[in-house]
Structures are given as C-alpha cells and as structure tokens.
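The values are calculated or read from the model by the stated rules, or taken from the named source; none is laboratory data. Note that the coordinates shown come from a computational prediction; the quantities given were computed from them, not determined experimentally. Here Cβ is always computed from backbone atoms with ideal geometry, including for glycine, and neighbour counts include all displayed protein chains.
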Amino acid sequence: MKSTPLFLLSIALLLVLAACGGNSGNGGNAADSGKEISVSSAAAQEEIVIKATNFSFDKKEYHLKKGVPVKIVFENESGNHGVLVPELNLQLDGKNNSQVIVPEQTGTFRMTCAIFCGSGHSQMSADIIVE
C-alpha cells in the first residue's frame, strides 16, 4: 500500500523533469532561438573573435566591412563578461556567444561589457569600426 503513493509521486516527478528539459536545441530559452536569425540570415563571409579577460578586451579596435556578413564569436577567458553594441544589435555572453551581423552603417561604435564584472567594469570597452 505504501508503494503506490511513492510510485505515483515518482511518475509525477518524471513528468515535471521531462517538461523542463524538453527544449534542448537552444538552451531551454525559446526567445533566444530567433535572435541570431533575425539579425542576419546571410552566411558569414568573415569571422572575428572577441576575447575578454578581467576588465579588458583583447583588442582596442575591431574592424568590419560595411555590408559584409560577419560572424562575431565571444570568448570569455577570465571573469564573467559580455559584449554589448546597441547600434549593431550585438549582445553576446557566455550562453549566447556568437552572432552573425551585417553592418549597414559606417562609423565607430563603442563596445562595452554587458555584465557587471567588478571595479574595472566601467573602463571595459573597445571600438568596432565599420569601414
């Protein structure tokens, strides 16, 4: 008699776990699945890698070409950081670490750390230059 409620509880727990883990293709967040596609459905012709360590990016400037699809890959080497460039609709972090964009406007755009990372956070920036 005691095993029946335990059995039913086990079945209920399995159903809950199955419902939580059923969206494995995109980390469980359906809202993120269209983000990269909405930015650009074009295949990337170039790729740049942005590396972050505590309070700095690996370069002060990153150069892109106007109208050329580029895959931007973010690598977090130490600390907890992200990338944010609102003008280019670019936001990357440890979970969403790559994105294809097509820069349609020339200029210099400020890239900042998207995640508060400590005392040097406000100085953590670099420029993306679209030529």
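Annotations for the structure displayed:
- Count of the stretch 78-95 residues which are part of a strand (DSSP E or B) and in contact with a helix residue (DSSP H, G or I) (Cβ under 7 Å, 6 or more places away or on another chain): 0
- Residues of the stretch 93-131 satisfying the condition of being within 16 Å of GLU46 (Cβ to Cβ) and of a type in the set (A, V, I, L, M): VAL100, ILE101, VAL102, ILE128, ILE129, VAL130
- For the stretch 88-107, a residue qualifies if it is closer than 25 Å to GLY118 by Cα and over 11 Å from the mean Cα position of the chain (by Cα), and exactly one does: ASN89.
- Residue in the stretch 96-114 that is modelled with the highest pLDDT, counting only those that are over 18 Å from LEU64 (Cβ atoms) and in contact with a helix residue (DSSP H, G or I) (Cβ under 8 Å, 6 or more places away or on another chain): ASN96
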